[in-house]
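A short write-up of the structure that comes next.
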Amino acid sequence: MANFNIKRLSEDVRRELSAAVSGVKDPRVANGFVTVTRCEITSDLSFCKVWVACMGGEERTAKAVEGMKAASGYFKKRIAARVRMRKMPELIFVPDNSLEYSEHIENIIANLPKRAEDSGDSEESEEQNED
């Protein structure tokens, strides 16, 4: 199978999983804002790695992943009904903490001290303007 077919199939599975999340009755999944951020299907269609993000931090995301693992039969049934595949892959749910990580990096950058050269240059230019 061509590589672009695998990418298209991965995107179709991601879209169907995102739609199916609203039908899950498990409180670990239903009570939070759960998002399927990415899917990767292996070339032999045996496995599908699914990255899951959730608002509320890493602990909340870990609970949502556990809930989605418990509901994997429901997800497989929904995908099989909507996406035509030779074989239904095994779903592997992985927490995606990239949102928290990017927020952490932004906080570090925002709290960096200003460079001394920048403040010194502006003072020198003000002194020259006064002369």
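Can we say residue 20 is of a type in the set (A, V, I, L, M), outside any loop (DSSP other than H, G, I, E, B) and out of contact with any strand residue (DSSP E or B) (no Cβ under 8 Å at 6 or more places or on another chain)? Explain how you work it out, then say what you get.
On the way: of a type in the set (A, V, I, L, M): yes; outside any loop (DSSP other than H, G, I, E, B): yes; out of contact with any strand residue (DSSP E or B) (no Cβ under 8 Å at 6 or more places or on another chain): yes.
Judged against the criteria, residue 20 is a match.
Suppose we keep only residues that are more than 15 Å from the chain's Cα centre (by Cα) and in a loop (DSSP other than H, G, I, E, B) within the stretch 23-37. Which one would you say is surrounded by the fewest Cβ atoms within 10 Å (Cβ to Cβ)?
25
Working carefully through the options 22, 72, 46, find the one that is within 17 Å of residue 7 (Cα to Cα) and of a type in the set (Gly, Ala, Ser).
Checking each option against the conditions leaves just 46.
Say we look at the stretch 38-66 and pick out the residues that are of a type outside the set (Asp, Glu) and in a helix (DSSP H, G or I); which of these is surrounded by the fewest Cβ atoms within 10 Å (Cβ to Cβ)?
Of all residues in the stretch 38-66, those of a type outside the set (Asp, Glu) come to 38-39, 41-43, 45-57, 60-65.
Applying the additional criterion that residues be in a helix (DSSP H, G or I) yields 60-65.
Working: 60: 18, 61: 23, 62: 15, 63: 20, 64: 28, 65: 22.
The residue in question is 62.
Any chance the stretch 80-90 includes a residue that's in a helix (DSSP H, G or I), more than 12 Å from the chain's Cα centre (by Cα) and touching a residue at least 12 places away in the same chain (Cβ under 8 Å)? Spell out how you get there, then give the answer.
Residues of the stretch 80-90 that are in a helix (DSSP H, G or I), as a first pass: 80-82.
Within this subset, residues satisfying the condition of being more than 12 Å from the chain's Cα centre (by Cα) are 80-82.
Those left that are additionally touching a residue at least 12 places away in the same chain (Cβ under 8 Å): 82.
Yes, the conditions are met somewhere in the stretch 80-90.
Every number in this text was worked out from the coordinates using simple rules, so none of it is lab data. All values reported here derive from a predicted model rather than from experimental measurement. For neighbour counting, all protein chains shown are included, and Cβ atoms are generated from backbone atoms with ideal geometry for every residue, glycine included.
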